[in-house]
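Novice: Could you have a look at this structure, given as structure tokens, before my questions?
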Amino acid sequence: MSDSLPPVLRTARLALRPFASTDAGDLLRIFADPEVVRYWSNGAWTDIAQAEAMIAETQQAYRDGGLYRYAIALLDTDQLIGICNLRGFFEQNRRCELGYALARDHWGRGYAAEALEALLGHAFHELDMNRIEADIDPRNGASARLLEKLGFRREGYMPERWIVHGEKADTAFYGLLKSYWNERERSRSSVHATG
Ligand SMILES: CC(C)(COP(=O)(O)OP(=O)(O)OC[C@H]1O[C@@H](n2cnc3c(N)ncnc32)[C@H](O)[C@@H]1OP(=O)(O)O)[C@@H](O)C(=O)NCCC(=O)NCCS
């Protein structure tokens, strides 16, 4: 997982690719939006240096491991419209945590599901993960729906786990096992075979 750039993953409309230093402007636009960071511990960005710091952290992680972060870019233009990452790797247990965000003007068009479908397939099949976890704010309906659509199951509820923008916030905890993913792939291929 370390010492190399992650491979580009292509979908019908998107490329999941490593970050480039030229992504800073698009990245700032995403995280400067208070709606995007509404359920995140950190406030909206105000400075291009914050975007440059995320790119530097990501590029360092390509060398050192520990964080596997992709830029989600439109296939046609290569414009960055979001990010997705795996972190918190626990090698012995083959598990990690999922995170994601999309620019608001690209919400509601299925891009997040399309990107994460590719990332999760890569995580289970190429990175050999067995379990992927997600910790979301239960009020984040789009995020909950997205996870359920991808086959995650809600496993737990932890009250007041975070203080978000000065407000106590709960965690809805989700998990996706490789066995669920394989079963989902099998049932989809049988639908395609018969349909
Ligand atoms: C979470 C996020 C990536 C989802 O993006 P998106 O563009 O809505 O995702 P998709 O278009 O792939 O849609 C996923 C599903 O959620 C549904 N959805 C979208 N907004 C919703 C809402 N407010 N409430 C309930 N469901 C919603 C969509 O209809 C779709 O389900 P469907 O296919 O059954 O119709 C986006 O809202 C985002 O970037 N939010 C800010 C960052 C964030 O909260 N990240 C997660 C932190 S853990």
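The values are calculated or read from the model by the stated rules, or taken from the named source; none is laboratory data. Small disclaimer: the values here were computed from a predicted structure and weren't measured. Don't worry about glycine lacking a Cβ; one is built from the backbone with ideal geometry, like all the others, and counts go over all protein chains shown. Quick note on the areas: whole protein, heavy atoms, side chains included, nothing else; ligands and nucleic acids left out. Shrake-Rupley method; radii C 1.70, N 1.55, O 1.52, S 1.80 Å.
Novice: Go through the residues of segment 132-143 one by one and say whether even a single one is in contact (Cβ under 8 Å) with a residue 24 or more places away in the chain, in a loop (DSSP other than H, G, I, E, B) and either under 11 Å from the mean Cα position of the chain (by Cα) or within 9 Å of the ligand (Cβ to nearest atom) (or both).
Specialist: yes
Novice: In segment 170-177, is there at least one residue being in contact with a Pro (Cβ under 6 Å, 6 or more places away or on another chain), of a type outside the set (Phe, Trp, Tyr) and modelled with pLDDT of 95 or more?
Specialist: Taking every residue of segment 170-177 in turn, at least one turns out to be in contact with a Pro (Cβ under 6 Å, 6 or more places away or on another chain), of a type outside the set (Phe, Trp, Tyr) and modelled with pLDDT of 95 or more.
Novice: If the Cβ limit is 7 Å and pairs must be 6+ apart or interchain, which residue in segment 99-122 that is at pLDDT 95 or above pairs with which residue that is more than 8 Å from the ligand (Cβ to nearest atom) and among the acidic types (Asp, Glu)?
Specialist: Within 7 Å, the pairs are 104/33.
Novice: Continuing with the same structure: As an exercise: evaluate residue 167 against (1) at pLDDT below 95; (2) away from the ligand (no atom under 16 Å from the Cβ) and give the number of the one condition it does not meet.
Specialist: All conditions pass for residue 167, except number (2).
Novice: OK, next. Looking at segment 95-131, which of the residues that are within 30 Å of residue 159 (Cβ to Cβ), more than 16 Å from the ligand (Cβ to nearest atom) and of a type outside the set (Lys, Arg) is most open to solvent (accessible area, probe 1.4 Å)?
Specialist: Looking at residues that are within 30 Å of residue 159 (Cβ to Cβ), more than 16 Å from the ligand (Cβ to nearest atom) and of a type outside the set (Lys, Arg), I get 130.
Novice: Here is a check on your reading of the model: is residue 163 outside any helix (DSSP H, G or I), within 24 Å of residue 62 (Cβ to Cβ) and among the β-branched types (Val, Ile, Thr)?
Specialist: Taking the combined requirement at face value, the residue does not satisfy it.
Novice: Looking at (1) closer than 22 Å to residue 37 by Cα; (2) more than 12 Å from the ligand (Cβ to nearest atom), which is the only condition residue 151 fails?
Specialist: (1)
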